[in-house]
DNA sequence: CTCCGTATTGCATCCGAATGCAATACTGCC
DNA sequence: GGCAGTATTGCATTCGGATGCAATACGGAG
């Protein structure tokens with residue numbers, strides 16, 4: 001099956017270090033090379049490779065044939081220099097948001113790609129590393145930025161001074177005009193809480209995410225407010241870091257703070273919710289949702305696993321990334337557009353991890 | 001907690017559409033602008049921004065102060081044009097490999113970033129879309145490529161003709177010299193099979209991945225070979241697509257092919273293994289691992305969830321990406337290096353989803 | 001004080017494609 | 001056949017920074 005490793009004796013020889021002054025030392029073909037071979041001017045070549053430019057059919061044929069012969073490809077770097085458009089956008093994510101963003105990333109890239117735009121990816125260990133990231137983006141003359149990491153007002157100002165449109169993904173900067181695409185975290189939490197309370201839960205625990213995560217803050221705040229509005233008093237709040245282990249730790253912490261377990265646990269994301277469920281079942285022998293209801297947020301893949309079947313709010317990733325991409329492109333093409341915020345409601349998923357009120361028909 | 005939302009009334013006015021012919025219409029500052037303001041030549045500015053170049057302290061100070069005043073940043077595009085080095089590499093992934101690659105992606109980007117290299121991300125719905133992706137990469141003059149999608153020999157040849165180093169990530173091209181970084185899939189499967197057989201399993205089922213996935217093929221082949229070597233005859237093979245649902249479907253398919261369930265199921269990745277477990281427990285009331293052992297491959301996050309606690313082989317993502325990055329940089333800096341393959345063994349994880357032989361002390 | 005070696009700095013040119021403008025070719029019409 | 005109008009094509013310049021080479025400045029030795 002893995003035959004063929006020994007045979008095929010030739011062809012390797014051809015690929016050894018190409019020291020011999022063969023033709024291989026030649027640089028990549030440029031439009032001048034093509035022009036020369038085709039016997040036309042460089043500008044003609046340039047025009048043939050431009051969608052809207054004027055060129056006769058004969059010209060096209062001659063140039064294309066020469067180009068193919070030379071393996072010519074327009075140099076996007078040079079083009080970017082003269083046109084002042086790199087056709088690249090920066091996508092910035094921070095590492096902490098793990099299981100959810102990959103999906104987003106693929107979506108964004110795909111959609112940009114369909115529109116002829118390339119994605120320069122920036123990831124940061126900590127959101128504080130953004131300073132240098134920012135510098136990089138600017139040096140690379142990106143045409144726009146989508147950030148799923150928080151920027152300070154000063155940082156945003158730097159980018160805007162360079163007249164680069166920025167779209168915030170699931171974040172926003174209070175008091176400052178920015179373009180953003182978000183999932184309505186508070187609304188989602190309020191729904192979850194409403195259902196839980198309506199189903200008779202009285203004793204609540206909340207597992208919040210990292211302190212520097214705006215998304216987590218919004219979720220926690222939404223849940224707390226709704227709980228207060230509904231007159232619920234018995235609320236324990238502990239914090240985690242969005243990770244599975246921290247979900248387990250959080251649940252055990254919750255138990256230790258009270259003689260009896262809570263009726264319901266509201267986790268700031270699905271992964272921690274899963275951690276809570278595992279901890280509840282394994283270490284305390286509690287049943288989910290009979291003894292304790294657990295809800296999450298995000299709607300990531302594992303939320304659907306039968307062992308968890310989470311009640312959660314799913315972010316409409318597809319629509320959100322489409323919105324982000326088209327909004328960014330709008331701003332790039334028309335920089336004077338006034339800022340716009342698009343807020344999507346999440347999909348409400350009545351999984352089996354919580355006792356919720358009957359669906360209102 | 002959320003104080004400060006109402007106050008802060010000013011500052012918005014400053015940010016409205018900057019129509020007034022203020023100073024804002026000015027383009028980005030160039031090295032010429034800086035040179036002029038500092039009263040020196042453009043080359044001096046260029047040198048100040050180069051690590052190794054010669055410039056007196058006084059010169060540095062004057063230039064830097066002028067640069068700061070103007071908010072100057074070297075234009076990486078222009079620099080790339082003249083130096084023939086874009087300092088960008090392409091990372092290519094295909095969408096199908098979902099839950100696992102995100103991690104890889106973040107790792108790669110981070111490590112490149114530490115070395116002053118930016119990542120242009122390319123994703124493809126189907127691996128067949130690679131043709132156009134390839135074209136894009138070449139136009140953008142990337143200095144190197146890491147591909148986690150399969151390339152044909154012809155496609156590889158195109159890239160190599162442009163003298164761009166390529167590293168295959170978990171893939172390889174038989175009979176052709178390429179640089180690659182891989183996890184040893186066969187070895188991992190052989191270990192799993194060995195343990196399962198040693199523990200007394202007799203009736204096996206294999207859930208393979210997508211047909212066009214080389215990784216899946218290697219895993220399946222490894223498992224099958226080892227099974228044959230050990231004289232196991234009773235083997236059912238069904239195929240999935242790496243997704244959770246397909247794991248569930250696969251298990252139910254396995255059941256339908258035989259009167260009794262298998263002793264052990266070998267899934268080509270963790271997510272399908274999880275699907276199998278859920279299907280076994282839920283639809284058939286089978287216990288895992290008492291009635292049926294299930295093993296996966298990859299070592300993704302959910303494999304550690306208590307409900308599954310998979311026995312699996314974890315790919316050493318950190319070391320693999322480090323290897324890929326440093327290998328690619330080596331090739332970029334020394335194009336004549338002879339190809340190299342680095343193969344890593346996976347971490348053997350004895351989870352609770354399978355009855356394995358006692359650990360050999 | 002002069003001469004030589006080294007450190008700085010400026011000049012001119014280059015990278016590769018896009019584009020305004022002018023020159024030329026071609027079309028149709030009278 | 002002549003002319004206006006349009007379509008092609010080429011010329012020259014531009015984008016912003018890097019770099020070889022020459023010019024100048026500085027420092028130390030004799």
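Numbers for the structure displayed
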{"read-out": "Residue in region B:275-291 that is in contact with a strand residue (DSSP E or B) (Cβ under 9 Å, 6 or more places away or on another chain), closer than 23 Å to residue B:217 by Cβ and assigned to a helix (DSSP H, G or I) present", "value": "yes"}
{"read-out": "Positions within region A:67-96 being surrounded by fewer than 18 Cβ atoms within 10 Å (Cβ to Cβ), more than 7 Å from chain B (Cβ to nearest Cβ) and away from DNA strand D (no atom under 16 Å from the Cβ), in sequence order", "value": "A:68, A:69, A:70"}
{"read-out": "Filter result (within 14 Å of another protein chain (Cβ to nearest Cβ) and either surrounded by fewer than 18 Cβ atoms within 10 Å (Cβ to Cβ) or not in a loop (DSSP other than H, G, I, E, B) (or both)) within region A:178-192", "value": "A:179, A:185, A:186"}
{"read-out": "Residue check, residue B:219 more than 28 Å from the chain's Cα centre (by Cα) and either modelled with pLDDT of 95 or more or within 23 Å of residue B:191 (Cα to Cα) (or both)", "value": "no"}
{"read-out": "Cβ pairs under 7 Å, 6+ apart, first in region A:38-54 and more than 14 Å from every other protein chain (Cβ to nearest Cβ), second near DNA strand C (Cβ under 8 Å from one of its atoms) and in a loop (DSSP other than H, G, I, E, B)", "value": "A:47/A:53"}
{"read-out": "Candidate set from region B:55-66 (those that are free of Cβ contacts under 8 Å to residues at least 24 places away in the same chain and either within 30 Å of residue A:76 (Cβ to Cβ) or crowded, with 16+ Cβ neighbours inside 10 Å (or both)); member that is nearest to the other protein chains (Cβ to nearest Cβ)", "value": "B:64"}
{"read-out": "Residue within region B:129-138 that is touching a residue at least 60 places away in the same chain (Cβ under 8 Å), on the phi < 0 side of the Ramachandran plot and crowded, with 22+ Cβ neighbours inside 10 Å present", "value": "no"}
{"read-out": "Failed condition for residue A:202, given (1) in a loop (DSSP other than H, G, I, E, B); (2) in contact with a helix residue (DSSP H, G or I) (Cβ under 8 Å, 6 or more places away or on another chain)", "value": "(2)"}
{"read-out": "Residue within region A:17-25 that is surrounded by 11 or more Cβ atoms within 10 Å (Cβ to Cβ), over 41 Å from the mean Cα position of the chain (by Cα), modelled with pLDDT under 90 and within 16 Å of DNA strand D (Cβ to nearest atom) present", "value": "no"}
{"read-out": "Within region A:106-117, considering residues that are buried (at least 23 other Cβ atoms within 10 Å of the Cβ) and within 8 Å of chain B (Cβ to nearest Cβ), the one farthest from residue A:303 (Cα to Cα)", "value": "A:109"}
{"read-out": "Test for residue A:218: is it more than 16 Å from residue A:311 (Cα to Cα), in a loop (DSSP other than H, G, I, E, B) and in contact (Cβ under 8 Å) with a residue 12 or more places away in the chain", "value": "no"}
{"read-out": "Selection from region B:314-325 of residues that are away from chain A (no Cβ under 14 Å) and buried (at least 24 other Cβ atoms within 10 Å of the Cβ)", "value": "B:315, B:324"}
{"read-out": "Members of region A:112-127 found to be part of a loop (DSSP other than H, G, I, E, B) and at pLDDT below 90, listed by number", "value": "A:125, A:126"}
{"read-out": "Scope region B:61-100; condition more than 16 Å from DNA strand C (Cβ to nearest atom) and touching a helix residue (DSSP H, G or I) at 6+ places or on another chain (Cβ under 7 Å); matching residues", "value": "B:69, B:70, B:71, B:73, B:89, B:90, B:91, B:92, B:93, B:94, B:95, B:99"}
{"read-out": "Residue that is farthest from the other protein chains (Cβ to nearest Cβ) [pool: residues in region A:128-156 that are in a loop (DSSP other than H, G, I, E, B) and out of contact with any helix residue (DSSP H, G or I) (no Cβ under 8 Å at 6 or more places or on another chain)]", "value": "A:152"}
{"read-out": "Residue in region B:339-349 that is buried (at least 18 other Cβ atoms within 10 Å of the Cβ) and in a helix (DSSP H, G or I) present", "value": "no"}
{"read-out": "Sole residue being near DNA strand C (Cβ under 10 Å from one of its atoms) and over 30 Å from residue A:211 (Cα atoms), chosen from A:58, A:36", "value": "A:58"}
{"read-out": "Qualifying residues in region A:298-313 (those that are away from chain B (no Cβ under 12 Å) and modelled with pLDDT under 95) - the one nearest to residue A:164 (Cα to Cα)", "value": "A:298"}
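Quick grid of which residues meet (1) without any contact (Cβ under 8 Å) to a residue 12 or more places away in the chain; (2) within 14 Å of chain B (Cβ to nearest Cβ); (3) crowded, with 22+ Cβ neighbours inside 10 Å:
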| site | (1), (2), (3) |
| --- | --- |
| A:194 | no, no, no |
| A:210 | no, no, no |
| A:213 | no, no, yes |
| A:248 | no, yes, yes |
| A:261 | no, no, no |
| A:264 | no, no, yes |
| A:271 | no, yes, yes |
| A:275 | no, yes, yes |
| A:279 | no, yes, yes |
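The values are calculated or read from the model by the stated rules, or taken from the named source; none is laboratory data. Computed from a prediction, not measured in an experiment: that's the story for all the values here. Glycine also receives a Cβ, built like all others from the backbone with ideal geometry; neighbour counts cover every protein chain displayed.
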